[in-house]
Amino acid sequence: MICSDFEKQLLLAESGELSPSLQTRLAAHLAHCPQCRAFQADLQELSTTARSGLADVPGPTRGVLPQILIAARAHRRQQLNWHPRVAHALLALAAGLMVLAGIWHVTSLTPAERAPTDNRTARIAEWSSLLAALMETEDPANESEEVPRAYSDLQSLARQLLILQDMTVELPEDIADGSTPTEAHQSTTLRWRSNRVTISQTYG
Amino acid sequence: MEHSDEDLLDRYKSGDTDALTLLVERYRRQLFSFILRMSASAADADEIFQEVWLRIIRKAGSYRRDCFRGWMYKIAHNLLIDHSRRRPMTIVPSMPGEDTQQGFRVDRIPARERSPAADAQGNEMQAVIGQALLKLSAEQREVFLMRVEGDIPFREIARAQGVPINTALARMHYAVCRLRKLLHEERKTMEE
Ligand SMILES: [Zn+2]
C-alpha cells in the first residue's frame with residue numbers, strides 16, 4: 001500500500017467507516033509516516049474551519065420556512081384522494097385565481113412597502129395551502145395521457161402560488177395601471193422564476 | 001434529550017407537524033449552505049431548499065431508511081441535477097484531469113455569482129476554503145460538503161451520487177489534496 005491508500009483509509013476512519021483491523025494497520029503506518037500525519041492534521045483543520053463557517057451561513061430567505069410548514073399542514077389535512085377530474089377543474093380555477101391574486105397583490109402595494117397581513121395576502125395564503133394540498137396528490141398513472149400533464153401543470157402552479165406572498169409580480173403596463181383584464185385578452189402567460197412572476201397577455 | 005432525526009420524522013408521520021418544524025430548523029443552515037454552494041444563486045437555493053422539504057413531506061410516508069440525513073442530501077442532489085438540466089447555463093469546459101463522470105452543470109457559471117456564502121464569511125480561512133471549493137468539480141465539491149458540513153458517511157454519499165463508495169472516496173481524497181495545496185499556498189502568502 002502506498003501513502004494515498006492510507007490517506008483514503010484516514011478519510012474512512014474519520015467518518016467511522018474503517019474496520020478495527022484496518023484501523024490498527026493505519027495506526028502503525030501513521031506512527032512512522034510524517035506525510036500521512038500531515039495529511040491527517042490538514043484534514044482536521046479543513047474540517048474544523050469549514051464546519052465553523054456554517055454558523056455564518058444565512059438561512060433561506062424569510063418566507064421560505066413558513067411556506068414549507070403551510071405545505072406540511074396541508075399535507076396532513078389532505079388525506080382524501082382528489083379525483084383527477086376534480087383536480088383538472090381546479091387547475092383552471094387556480095390559474096384564474098393566480099392571475100387575480102397577482103394583480104390584486106401588486107396593485108394593493110406601493111412600490112416601497114407591502115402590507116404583510118391584508119386580506120388579499122391572507123387569501124393568497126389560503127389558496128397556497130389549497131394548492132399545496134393538491135400538489136401532494138399522486139399522479140394518476142392509469143389515466144389517459146392528458147391527465148398527468150394537467151397534474152404537472154397543477155404542480156407547477158401550486159409551486160408558484162406557494163411563494164406568491166414573497167414575490168415580485170411584473171405586469172404589462174395596461175394591467176399595472178389599474179385596468180382589469182378583459183375578454184380581449186386571449187391568453188395569459190405566467191412566467192415564473194423564483195421570487196419573480198411575469199404576467200403577459202396576448203390580445204385577441 | 002435531543003430527538004433523533006428518525007424519531008422526528010416518525011412523529012411527523014403520525015401527525016405532529018411541530019416535529020417537522022424541528023427537523024427543518026435543525027438543518028436550516030447546513031442544508032441551505034450545501035444547496036447554496038452547489039447552485040447558481042441565492043434565489044435558486046431558496047427554491048431548491050423549499051423543494052427538498054416538499055419532497056420530504058410528500059415521501060415521508062414511504063420512507064423506510066435508517067439515515068434521514070443521507071436521504072435528505074440525496075433528494076437535494078437529485079433536485080440540483082434536475083435544476084441544472086432545466087435551466088440554460090453558461091457552459092465552461094471541464095479542466096483536464098477533472099472528474100466529469102456525472103457532470104452537472106450547476107457550477108459552470110462565473111464564480112462571482114456563485115459564492116454569496118463565501119463573501120459573507122468574516123474569517124479569512126473560511127473565505128479561502130469557500131473560494132477553493134469553487135475550483136473543484138461539482139462532484140468533488142459535493143462530496144466534500146456532504147462529508148464535512150453534512151457529516152454524512154461515505155456509504156450514504158455514494159448512495160446519493162449513485163456511485164460506488166470508492167468513487168466517492170476518491171473524489172473526497174482529490175478534494176482534500178487540492179484544498180490542502182491551496183491552503184498551504186495561502187498560508188505562504190500570508191506569511192510573506
Ligand atoms: Zn504515509
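Rg over Rh for the stretch B:1-92 works out to 1.01, using Cα positions for both radii and the Kirkwood form for Rh. Among the listed pairs B:K59/B:K135; B:K13/B:K74; A:K8/B:K188; A:K8/B:K59, those whose Cα-Cα separation exceeds 24 Å are B:K59/B:K135; A:K8/B:K188; A:K8/B:K59.
From Cα pairs below 8 angstrom and at least 6 apart in sequence, can you work out the relative contact order of the stretch B:1-92, rounded to a whole percent? Taking the mean separation of contacting Cα pairs over the length of the stretch B:1-92, I get 28 percent.
Once C-alpha pairs closer than 8 Å and six or more residues apart are averaged by separation and normalised to the residue number of the stretch B:115-192, the relative contact order reads 28 percent.
Peptide B:10-20 has a mean shielding of 2, counted as Cβ atoms of other protein chains within 10 Å of each residue's Cβ. Kirkwood-type hydrodynamic radius, the stretch A:3-47: 10.4 Å, calculated from all non-identical alpha-carbon pairs. Label-to-label distance, B:D10 versus A:L22, with points set 7 angstrom from Cα along the beta-carbon direction: 3.1 nm. For the peptide A:63-73, the mean number of other protein chain Cβ atoms found within 10 angstrom of a residue's Cβ is 6. Averaged over the residues of peptide A:40-49, the number of Cβ atoms from other protein chains lying within 10 Å of each residue's Cβ is 5.
For the stretch B:159-184, the residues whose amide N sits under 11 Å from a probe point set 7 Å from the Cα of B:R65 along the beta carbon direction are B:159-162. Couplings 3J(HN,Hα) for the stretch B:153-162, derived from phi with the Karplus relation 6.51 cos²θ - 1.76 cosθ + 1.60 (θ = phi - 60°), are x, 4, 4, 6, 4, 4, 4, 4, 7, x Hz, where x marks Gly and Pro.
Full extension from A:M1 to A:R37: what is 0.36 nm times the residue separation minus their Cα-Cα distance, to one decimal in nm?
Details: separation 36, 0.36 × 36 = 12.96 nm, distance 1.59 nm.
Net length gain for the segment: 11.4 nm.
Every number here is computed from the coordinates shown, using simple stated rules; none is lab data. Values in this document were obtained by computation on a predicted structure and should not be read as measured data. Heads up, the Cβs are rebuilt from the backbone with ideal geometry, glycines too, and the neighbour counts pull from every protein chain shown.
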